[in-house]
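The values are calculated or read from the model by the stated rules, or taken from the named source; none is laboratory data. A quick note: this is a predicted structure, and the numbers were derived from the prediction, not measured. Neighbour counts are summed over all protein chains in view; Cβ atoms, including those assigned to glycine, are modelled from backbone coordinates with ideal geometry. Keep in mind that these areas ignore ligands, DNA and RNA; they rest on the heavy atoms of the full protein, side chains included. Shrake-Rupley method; radii C 1.70, N 1.55, O 1.52, S 1.80 Å.
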Amino acid sequence: MIRVKVVPGISVGGAVLFSAVLCSTLLSAQAPATPGRQPAPAPWRFAGTRPCVGPEGGVLQCPPAPRVVAVRAGRLFDSNTGQMLSKQVVVLTGERITDVGPEAQVKIPAGAQVIDLSQATVLPGLIDAHTHIYNTRRPNWTTERSTLMAIQNAQADLQAGFTAARDMSSHGNGYGDIDIRNAINLGDIDGPRLQVAGRGIAWGAKPPDPAAPENPLAGAVIRSAEEGRAAVREHVERGVDWIKLYPTGGYSFTPAGEAQYVLMYPLPVLQALIDETHRLGRKAACHNFGGDGLQYAITAGCDTIEHGYGLTQAQLDTMVQKGLFFDPTLVRYTEPYMDDNDAKNTGGKFRMIPIFDKAVAMAVATKGLKTMVGSGADGSTFPHGTQALEFESLVKRSHMSPARAIQAGTIVNAEAMGWQGQVGSITKGKFADLVAVSGDPLADITELQRVKFVMKGGKVIRNDLAQGAVGSTR
């Protein structure tokens, strides 16, 4: 009889053994480093040269050894201060920044690879705080097809300079966004560092219909505070980072032109949802247009208020007092289709866009309010990879300064996600997530729509700069 010794982490004859505890730990860590791949046990008596073992089992090619890299930046945006610095050097080893400062003060280590961006502007990797990596699921799409499109969306975002993102529900794809996040964390595919929300939790105003069972891939539907707490627990057990809630539904106009919004959860239910979310160490993001649902979300302490068509100054002031964040997703809800719908529904009498514009401009002018950058990109009206339009819209429509807009899309978003110690600025010890553009985005914010260089965790994803020469010191 031939005996085969099976080593944990090695795939033999189709059977894969690995430590579930280790894998769970790797995937649940926030802003995790790419887990190391350990060399396969020696002697290697199988195909090819000795490979490495992945944390989920199976043999993989060994990654290259960590390298020391120096990036020369002609201009560098300091998102901590909002200032543009000149002639800076960023030194990194592997995934992390080890030094940054003026070129006269930072010594480039001997033998370091040098990336010359001395004619460009270097910024922290951009962060989109409201994406939907999965397109809204259609009946004829298989899970595999939906997943392939999600991977394409994630890679388009990364190519556009978004090295991190917060995914705000899977749009009918169950907990698939967790798998996308985990695959990126494990280094299986390239994509932004993700925080995800899974299915989301919606309010069921009517009793369940036995003849029409609820879709297990769509949002979880609740009808009581007890069901809400259970839904939050299920989401957390499945591994989500955020709980996505929907305190308001659609909107309409009264004959006098006053906007009115559909209320979803009663306040005690919403409070129970948010309290359970916080008890379990997660944060809640609330889809809000206006009305009582918006006020309930602020009262209950929802961590981020999404959209906020009908925000009032009093509500904004309360958000400042409570430390709540505001994520307007401005482009998504000022697209021409909004006017088309309003014209159809009101005979051309009333429009939501001016109401929303007023709310966002008021938010931008509110001292102390932490306004985020989130696109709402979902593969339908707002294609992935074009989210930098949000920066332009905040500057030109809402009168946010370019520096503050970039801060909103970097360090403010990082703080909202709890990752301010990992990403959001070009700071020693943080991940080497860098992007570069040819011009100065403080002079022309549309430069962010023309990202030419992307690095995530020290890995160059894209370099279209003619001056982006790579060399090494001797």
Of all residues making up the stretch 276-332, the number that are farther than 21 Å from THR381 by Cβ, assigned to a helix (DSSP H, G or I), open to solvent by 20 Å² or more (accessible area, probe 1.4 Å) and not polar (S, T, N, Q):
9
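So that you can scan it fast, the table gives a plain yes or no per residue for (1) in a loop (DSSP other than H, G, I, E, B); (2) open to solvent by 10 Å² or more (accessible area, probe 1.4 Å); (3) aromatic (Phe, Trp, Tyr):
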position	(1), (2), (3)
ALA403	no, yes, no
GLY409	no, no, no
ASN413	no, no, no
GLN420	yes, yes, no
ILE426	yes, yes, no
ALA443	yes, yes, no
LEU448	no, no, no
Please enumerate the residues belonging to the stretch 415-452 that are of a type outside the set (A, V, I, L, M) and under 19 Å from the mean Cα position of the chain (by Cα).
GLU415, GLY418, TRP419, GLN420, GLY421, GLN422, GLY424, SER425, LYS430, PHE431, ASP433, GLN449
Residue satisfying condition, being crowded, with 16+ Cβ neighbours inside 10 Å and more than 30 Å from the chain's Cα centre (by Cα), within set ILE108, ILE127
ILE108
Scan the stretch 206-251 residue by residue and report those that are free of Cβ contacts under 8 Å to residues at least 40 places away in the same chain and of a type in the set (Val, Ile, Thr).
VAL221
Could you list all residues from the stretch 387-401 that are of a type in the set (D, E, K, R), part of a helix (DSSP H, G or I) and open to solvent by 10 Å² or more (accessible area, probe 1.4 Å)?
GLU392, LYS396
Residues satisfying the stated conditions in the stretch 450-474, i.e. among the β-branched types (Val, Ile, Thr) and either open to solvent by 60 Å² or more (accessible area, probe 1.4 Å) or modelled with pLDDT under 95 (or both):
VAL460, VAL470, THR473
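To keep it simple, each residue is scored yes or no on (1) within 22 Å of GLU234 (Cβ to Cβ); (2) at pLDDT 95 or above; (3) in contact with a Cys (Cβ under 9 Å, 6 or more places away or on another chain).
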site: LEU158; (1), (2), (3): no, yes, no
site: PHE162; (1), (2), (3): no, yes, no
site: MET168; (1), (2), (3): yes, yes, no
site: ASN173; (1), (2), (3): yes, yes, no
site: ASP177; (1), (2), (3): yes, yes, no
site: ARG181; (1), (2), (3): yes, yes, no
site: ASP188; (1), (2), (3): no, no, no
site: GLN195; (1), (2), (3): yes, yes, no
site: ARG199; (1), (2), (3): yes, yes, no
Among ALA104, ALA110, the single one that is in a loop (DSSP other than H, G, I, E, B) and over 15 Å from VAL69 (Cα atoms) is ALA104
In this structure, does ALA256 turn out to be of a type outside the set (S, T, N, Q), at pLDDT 95 or above and either open to solvent by less than 40 Å² (accessible area, probe 1.4 Å) or part of a loop (DSSP other than H, G, I, E, B) (or both)?
yes
Would you check which residues across the stretch 232-249 are surrounded by fewer than 23 Cβ atoms within 10 Å (Cβ to Cβ), assigned to a helix (DSSP H, G or I) and either of a type in the set (Phe, Trp, Tyr) or in contact with a strand residue (DSSP E or B) (Cβ under 9 Å, 6 or more places away or on another chain) (or both) and list them?
GLU234, VAL236
